[in-house]
């Protein structure tokens, strides 16, 4: 008893965390490589930590084992929210070779992720379109994202925009996707008059789905670059800008016009999907991870367009993010993990899985082969949208990813308040900015 | 003489030896985590790196941050639903069941009312979020009886989210209170009731003069357990509203969880946990004192 008490008292005297082995920045970077690493020929068991409900990672590892029989995978799966909460602990105590990553800033600050710069050099990832890797780059110390060393890699990258129900669109005489924001407004007004729900969206619980239309409106009213600066925590960046205020006011107009479901504050993501697939809702602000699903559930009935600009012919932007995977700083098989990540982007079979199972555009060089896609499908239009975004340099990360907690603790409650008439557009942006400043500072 | 002293001191040590296993568990799993929480609350820590000393700053934030303070206020409001409703309703139901104690109906009623205690809270939360959804059974019934005007997404609106969570809690805790009070009533000497009836007392008089005073201790247990459940609520809120919409149903338990695991502000989370612990003790002790049996 005395020993136990003494032990706990001794532990209580030191600062929390000082007893942990603290990985250093030096340990997390790979040694210089002369040639591209491989998985060798000896049996290797890769430790994986993947997200439940996204079969792409499992499909890719199965195919990799088929092509490289000496490599097998020991996979643990969790919900994304659980991964988000566990990530630092798992990476510190039991680093996986391959792991689905949440927002990486805090992980890099604690030196928990392998620096992938050397791999990028020998595999030639640095010759891919730079926008693909931008969101996974971090300046030294993890202060600013979007520049510096590479700390994660995508299995593919997603594209967001507006899905629409073609049958309902025909009812209100909408034959082509809206070309401007005013066209979109007009279509919504017509739908409302016809007794249809103009927008299918979720905003319940801890996931404020109105962040999708809000960020689309922000990109419609203003340029994408300042929004990215804010997400990447560039010093002095603010979300409280005049064009973002216009966007938030526009969203409020949609709310007041009754374009969202009356119970939107109690609707979660799964409910939104099932209602949209049942034909409740003309438009839905969402991403191409649902393309395959919608092609299967409502074949031929769903269209997709990028958020139209405020002025005709203006530049377009969209939230587009890689499905990020990383390697633990102290992972045993980092070389093999990097080999796998390169294979995902360059192997023809892997790229096909990326599109068919993942529904999104594969990573890799701009001229890499694309698998054949059936004409007239949603998948075809979401992949085509990617080309337009690349042309307009309009790729944005999600405003929900600016810090680890900004979505659940700031965007969501503020957007729910906006719906309930308890928050103004000005107040919303000021409140989010204040939370952002306090979270970036840390506590 | 010498031998006697020796034996006495030896048996004293033997006593401690018997207590040791339980004490060791208590120290390791209760005292130590509590001490560590207090220690963490004085630091600024992200849970991984080395923490920095922060003094009482975290406590200042708990009382000055309107969001954190609102969560504490919400927990206090929940006491009405988690404590007052189950105890009052439980008394009425227990008194009714006692009157029909011999019939089979009493057995059925007891089982039905205790059922919510058996169901896991998570399942109860999910069931109720269906019942209370905009197309759920509650709204269907309201529409059926002509009250369509007041139908709404009960868990999704600012004015109704917290009371709706409270209703779920009341439903869960009603069974526990009823059963405890019923057990207490069965201990009361039937001769007391007989005497009262001979004196011409009605059912109400019997209840106020005999049942209530005899149940003092049981009521004390009910109030303590339910008040603690209200202040430390987590599961029901986490499942049904996650604190939303816009923090309208945020409670300290959920806030601590968010702070520690999603915001990674372990220091502030620990400070709020310490404040919550003190609040629970501050509420529970007076209840214990007020309802303890003075006769013994």
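The values are calculated or read from the model by the stated rules, or taken from the named source; none is laboratory data. In this text, all values refer to a predicted model and were calculated from it rather than measured experimentally. Positions of Cβ are generated from backbone atoms using ideal geometry, with glycine treated the same way; all protein chains shown enter the neighbour counts.
For the range B:130-154, residues that are more than 13 Å from chain A (Cβ to nearest Cβ) and crowded, with 18+ Cβ neighbours inside 10 Å total 0.
Could you tell me whether any residue of the range B:92-100 is within 11 Å of chain A (Cβ to nearest Cβ), out of contact with any strand residue (DSSP E or B) (no Cβ under 7 Å at 6 or more places or on another chain) and modelled with pLDDT of 90 or more? For the range B:92-100, residues within 11 Å of chain A (Cβ to nearest Cβ), out of contact with any strand residue (DSSP E or B) (no Cβ under 7 Å at 6 or more places or on another chain) and modelled with pLDDT of 90 or more: absent.
From the list A:433, A:423, exactly one residue is part of a helix (DSSP H, G or I) and either modelled with pLDDT under 85 or not assigned by TED's automatic domain parsing to the domain that holds residue A:55 (or both). Which is it? Before you say what the answer is, go through the steps one by one.
Working: A:423 fails: part of a helix (DSSP H, G or I).
Matching residue, one of A:433, A:423: A:433.
Being in a helix (DSSP H, G or I) and either assigned by TED's automatic domain parsing to the domain that holds residue A:284 or free of Cβ contacts under 8 Å to residues at least 24 places away in the same chain (or both) holds for only one residue in A:375, A:408, A:350, and it is A:408. Filtering the range A:69-99 to residues that are surrounded by 15 or more Cβ atoms within 10 Å (Cβ to Cβ) and within 14 Å of residue A:336 (Cα to Cα) leaves A:71, A:73, A:96, A:97, A:98, A:99. Of all the criteria given as (1) surrounded by 22 or more Cβ atoms within 10 Å (Cβ to Cβ); (2) out of contact with any strand residue (DSSP E or B) (no Cβ under 8 Å at 6 or more places or on another chain), the one not satisfied by residue A:356 is (1).
Matching residues to (1) free of Cβ contacts under 8 Å to residues at least 40 places away in the same chain; (2) within 11 Å of chain A (Cβ to nearest Cβ); (3) crowded, with 18+ Cβ neighbours inside 10 Å:
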| residue | (1), (2), (3) |
| --- | --- |
| B:238 | no, yes, yes |
| B:242 | yes, yes, yes |
| B:246 | no, yes, yes |
| B:251 | no, no, yes |
| B:255 | no, yes, yes |
| B:258 | yes, yes, yes |
| B:264 | no, yes, yes |
| B:275 | no, no, yes |
| B:283 | no, no, yes |
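Residue A:378 passes every criterion in (1) over 14 Å from residue A:248 (Cβ atoms); (2) within 12 Å of chain B (Cβ to nearest Cβ); (3) surrounded by 23 or more Cβ atoms within 10 Å (Cβ to Cβ); (4) more than 19 Å from the chain's Cα centre (by Cα) apart from (2). When A:315, A:332 are checked against the criterion of being assigned to a loop (DSSP other than H, G, I, E, B), on the phi < 0 side of the Ramachandran plot and outside the structural domain of residue A:264 (by TED's automatic domain parsing), a single residue qualifies: A:332. What do you reckon, is residue B:268 touching a residue at least 60 places away in the same chain (Cβ under 8 Å) and either closer than 13 Å to residue B:228 by Cβ or away from chain A (no Cβ under 14 Å) (or both)? It is false that residue B:268 is touching a residue at least 60 places away in the same chain (Cβ under 8 Å) and either closer than 13 Å to residue B:228 by Cβ or away from chain A (no Cβ under 14 Å) (or both). With a requirement of 2 or more residues that are within 13 Å of chain B (Cβ to nearest Cβ), the helices (runs of 4 or more DSSP H) lying completely within the range A:186-281 that satisfy it span A:269-277.
What are the residues in the range A:387-401 that are assigned to a loop (DSSP other than H, G, I, E, B), at pLDDT below 90 and buried (at least 20 other Cβ atoms within 10 Å of the Cβ), if any? Break it down into steps so the answer makes sense when it comes.
Step one: filter the range A:387-401 for residues assigned to a loop (DSSP other than H, G, I, E, B), giving A:393-394, A:397-398.
Checking the rest, the ones that are also at pLDDT below 90 come to A:393-394.
Scanning the range A:387-401 gives a single hit, A:394.
Of all residues in the range A:110-136, those satisfying the criterion of being outside any helix (DSSP H, G or I) and under 15 Å from residue A:363 (Cα atoms) are A:124, A:128, A:129, A:130, A:135, A:136.
Identify the single condition in (1) crowded, with 18+ Cβ neighbours inside 10 Å; (2) farther than 26 Å from residue B:155 by Cα; (3) modelled with pLDDT of 85 or more that residue A:410 does not satisfy, given that it satisfies every other one. Only one criterion in (1) crowded, with 18+ Cβ neighbours inside 10 Å; (2) farther than 26 Å from residue B:155 by Cα; (3) modelled with pLDDT of 85 or more is unmet by residue A:410, namely (2).
Can you give me the ranges of the helices (runs of 4 or more DSSP H) entirely in the range B:130-221 with at least 3 residues that are at pLDDT 90 or above?
Numbers: elements: B:137-144, B:161-186, B:190-198, B:203-206.
Correct list: B:137-144, B:161-186, B:190-198.
Of all residues assigned to the range A:244-264, at least one qualifies as being assigned by TED's automatic domain parsing to the domain that holds residue A:197, in contact with a helix residue (DSSP H, G or I) (Cβ under 8 Å, 6 or more places away or on another chain), over 17 Å from residue A:203 (Cα atoms) and free of Cβ contacts under 8 Å to residues at least 40 places away in the same chain. Restricting to the range A:62-93, name every residue that is in contact (Cβ under 8 Å) with a residue 40 or more places away in the chain and either closer than 11 Å to residue A:328 by Cα or part of a helix (DSSP H, G or I) (or both). Selection gives A:63, A:64, A:67, A:84, A:90, A:91, A:92.
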